[in-house]
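The values are calculated or read from the model by the stated rules, or taken from the named source; none is laboratory data. Note that the structure is predicted; figures quoted are calculated from it, not measured. Neighbour counts are summed over all protein chains in view; Cβ atoms, including those assigned to glycine, are modelled from backbone coordinates with ideal geometry.
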Amino acid sequence: MDEIRQVTILPLALRGEGTPNPLATNHSTVPRRFSILRIIASIFACGLIITGAWFFYAGQQIAWGFDHQRAHPLAILDCDLSKPSEFTIPLRVDYPYGHGFILSVDGPPRTSERGTPEPWLAGLRGIAVTESARYGSGNPEQLNDGHSAWIDSNSIVKLGGSPKGDYIIRVVVTDGAPQLASIPHRIVVMNSVCGCELISAHVLRIIGGAVAILGLIIACFALFKPRTAPAHPLTPSSTPSPTPAP
């Protein structure tokens, strides 16, 4: 019986079936740790992508608002600037990046270039001022003082301000423009934008794009599963054969 017991136990011990294999334990824990790191990296990458998209969208909103302000007036008022009068123009500002309000006269044909007032504005005198319940009253500005023509030939005044909020522009005409008596016309109020507002839009879009790309790169590394060699149990190169007892 002792001889048979030696014969049967010896191959099992050589094959390692009766004892734990430390290499097999290491192979089982490494993928688990790697999976946890992949999950953390994936969450971080998603956060970067969302943050980058938010920055890009914020910059795009500024650019969209700029294009809208250049194309659409804040207010339009039919009036008569050929004689002394007083009127108010209510308006609301939703785009906070402007540099004030530009009042221009629309209707008569334009014949002058920028820097020279239109001839039908000759004689127009008065003041304009902005009023706001939130920001108070601005500084009164003179109508048709010659400086406004550098904005455009039909501009009559530029007023400061234009943060978000509700405003009233009060216009007081002390001397009218006689040539406008027989010509239908109106006052158009525009938000003053020059293009420097797009600097912040470009910066936000660049930051957003860079952050989103970084997130995508991290996500690719996190989701990529490297190939690992399969673990093989250790097998002896040769198994000694049992030697029968003499």
Being more than 11 Å from L103 (Cβ to Cβ) and hydrophobic (A, V, I, L, M, F, W, C): is that true of L180 here? yes
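Got a sec? Which of P96, P140, P84 is over 13 Å from S162 (Cβ atoms) and touching a residue at least 24 places away in the same chain (Cβ under 8 Å)?
On the way: P96 fails: over 13 Å from S162 (Cβ atoms); P140 fails: touching a residue at least 24 places away in the same chain (Cβ under 8 Å).
None of the others qualify; the one that does is P84.
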Across the stretch 152-163, which residue is farthest from the chain's Cα centre (by Cα) among those that are assigned to a loop (DSSP other than H, G, I, E, B) and of a type in the set (G, A, S)? S153
Kindly list the number of the only condition in (1) hydroxyl-bearing (S, T, Y); (2) touching an Asp or Glu at 6+ places or on another chain (Cβ under 7 Å); (3) under 30 Å from S200 (Cβ atoms) that fails for S153. (3)
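In this structure, is I156 modelled with pLDDT of 90 or more and touching a Cys at 6+ places or on another chain (Cβ under 9 Å)?
Numbers: modelled with pLDDT of 90 or more: yes; touching a Cys at 6+ places or on another chain (Cβ under 9 Å): no.
The answer is no for I156.
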So which residues in the stretch 106-151 are in a strand (DSSP E or B), under 27 Å from A63 (Cα atoms) and not hydroxyl-bearing (S, T, Y), if there are any at all? D106
Is it the case that some residue within the stretch 38-45 is among the basic types (K, R), surrounded by 12 or more Cβ atoms within 10 Å (Cβ to Cβ) and farther than 28 Å from Y167 by Cβ? yes
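Out of P108, P117, report the one residue that is surrounded by 13 or more Cβ atoms within 10 Å (Cβ to Cβ), in contact with a His (Cβ under 7 Å, 6 or more places away or on another chain), at pLDDT below 95 and at negative phi. It would help to see each step written out before you state the result.
Numbers: P117 fails: in contact with a His (Cβ under 7 Å, 6 or more places away or on another chain).
Checking each option against the conditions leaves just P108.
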In the list V173, V157, which residue meets the criterion of being touching a Pro at 6+ places or on another chain (Cβ under 8 Å) and under 15 Å from A128 (Cβ atoms)? V173
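Listed residues S153, S137; which is of a type in the set (S, T, Y) and under 23 Å from Y95 (Cα atoms)? Quick ask: steps written out before the conclusion?
Numbers: S153 fails: under 23 Å from Y95 (Cα atoms).
That would be S137, the only listed residue that is of a type in the set (S, T, Y) and under 23 Å from Y95 (Cα atoms).
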For the list (1) within 22 Å of the chain's Cα centre (by Cα); (2) in a helix (DSSP H, G or I); (3) surrounded by fewer than 16 Cβ atoms within 10 Å (Cβ to Cβ), I need the number of the one condition that F221 fails. (1)
Before we move on, is V193 aliphatic (A, V, I, L, M), part of a loop (DSSP other than H, G, I, E, B) and either touching a Phe, Trp or Tyr at 6+ places or on another chain (Cβ under 9 Å) or under 23 Å from R92 (Cβ atoms) (or both)? yes
Quick one: in the stretch 136-151, which of the residues that are surrounded by fewer than 18 Cβ atoms within 10 Å (Cβ to Cβ) and at pLDDT below 90 is farthest from L103 (Cα to Cα)? G136
Of everything in the stretch 63-114, what is within 39 Å of the chain's Cα centre (by Cα), of a type outside the set (A, V, I, L, M, F, W, C) and under 24 Å from P140 (Cβ atoms)? Give them in sequence order. P73, D78, T88, P90, R92, P96, G98, H99, G100, S104, D106
Suppose we keep only residues that are of a type in the set (G, A, S) and part of a strand (DSSP E or B) within the stretch 64-94. Which one would you say is nearest to I169 (Cα to Cα)? A75
Mind listing whichever residues of the stretch 164-190 are out of contact with any Ser or Thr (no Cβ under 9 Å at 6 or more places or on another chain) and not in a strand (DSSP E or B)? K164, P184
